[in-house]
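Only one structure is covered here, and it is reproduced in the block below.
The values are calculated or read from the model by the stated rules, or taken from the named source; none is laboratory data. If you're wondering where the values come from, they're calculated on a predicted model, not measured in any experiment. Note that we place each Cβ from the backbone using ideal geometry, even for glycine, and neighbour counts take in every protein chain shown. For accessibility, only protein heavy atoms count, side chains too; no ligands or nucleic acids. Shrake-Rupley method; radii C 1.70, N 1.55, O 1.52, S 1.80 Å.
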Amino acid sequence: PTVVLEAGLADDLSTWDSVLSSVSSRTRTCAYDRANIGASDAAPTPRTTTDMVDDLEHLLAAADEPPPYLLVGFSFGGLVVQQFAATHPDDVAGVVLVESNHPDEARQFEAHLTPRQIRDDRAEVAANPEGVDVLKSFDEVRAAGRMPAVPLVVVTAGAPVEWPPGWNPKVFNRLRSRPQADLAALVPGGRQVFARQGGHRGPDAQPGVVGPAIPGGLARAGLWPLGSSRWSP
């Protein structure tokens with residue numbers, strides 16, 4: 001299947017440079033800039049994951065890239081991937097979520113923040129250059145329903161994540177660990193792997209973990225030729 005790489009919030013396709021160069025040597029691999037980013041056209045704002053899923057569907061059709069796809073989503077891009085898979089189940093062969101957001105995490109995090117911290121955090125998130133309504137996007141991903149039962153690999157940072165000033169790292173590192181494990185449980189047989197030396201920026205910091213997760217997840221489902229590459233399990 002064609003590999004489709006979905007970048008994080010306000011990230012362009014250069015996010016995937018290290019991963020793209022290695023994975024594309026084994027299979028057709030596509031990265032792109034979403035609307036309002038990089039070389040792509042401007043689009044009305046606010047935008048949500050529903051807009052992004054619709055754009056991706058039309059982009060793949062216009063580029064004559066037939067399904068099925070292996071979708072790889074980093075950070076906020078993981079939400080786009082989750083919604084695409086839930087709404088286009090027949091087009092998806094597998095999913096890799098790299099340090100992906102969980103659709104419930106905002107509600108979980110805000111339960112441990114003061115009203116001022118919530119206002120400050122929401123204001124900072126709302127100022128993203130893509131013009132994305134992140135909170136509404138969380139709602140849309142939840143409403144999209146469950147992902148199909150396809151091979152799933154969740155790549156989680158093993159190194160501590162940097163939190164905003166005033167956020168208790170012990171509390172939020174603990175809170176963060178549960179949603180990451182829950183993502184791996186979205187489908188039966190989902191697998192979680194840890195990028196032990198890297199923080200949130202997995203594609204940049206540890207492409208040696210993220211890259212192998214792509215064919216590794218498919219190989220375990222019989223969708224990638226075992227023994228044919230250095231990434232085989």
Q) Which residues' amide hydrogens lie under 5 Å from the amide hydrogen of Arg47, considering only partners 5 or more residues apart or on another chain, with H built in the peptide plane? A) Val132, Asp133
Q) When ligands, DNA and RNA are left out and all protein chains stay put, how many square angstrom of accessible area per residue does the range 43-128 have with a 1.4 Å probe? A) 44 Å²
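What is the dipole size for the range 116-163, taken about its Cα centre, with +1 at each Lys and Arg Cβ and -1 at each Asp and Glu Cβ, in debye to the nearest 20?
220 debye
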Q | Karplus 3J(HN,Hα) series, Hz, for the range 126-140 with 6.51 cos²θ - 1.76 cosθ + 1.60 (x for Gly, Pro) | A | 5, 7, 4, x, 6, x, 8, 7, 5, 5, 5, 5, 4, 4, 5
Q | About the Cα centre, charge dipole magnitude for the range 12-140 (Lys/Arg +1, Asp/Glu -1 at Cβ), debye | A | 280 debye
Q: Sort Asp139, Asp41 by accessible area with a 1.4 Å probe, largest first.
A: Asp41, Asp139
Q) Quick one: in the range 82-145, what % of C-alpha pairs are over 15 Å apart? A) 63 percent
Q: Take each of the peptides 184-192, 56-64, average the number of other beta-carbon atoms within 10 Å over its residues, and list them starting from the highest.
A: 184-192, 56-64
**Q.** Cβ-derived FRET efficiency at R0 25 Å, Ala185 paired with Asp120, nearest 0.05
**A.** 0.20
Q.
Let's test the formula: R0 of 30 Å, r as the Cβ-Cβ distance of Leu135 and Ala43. What FRET efficiency results, to the nearest 0.05?
A. 0.95
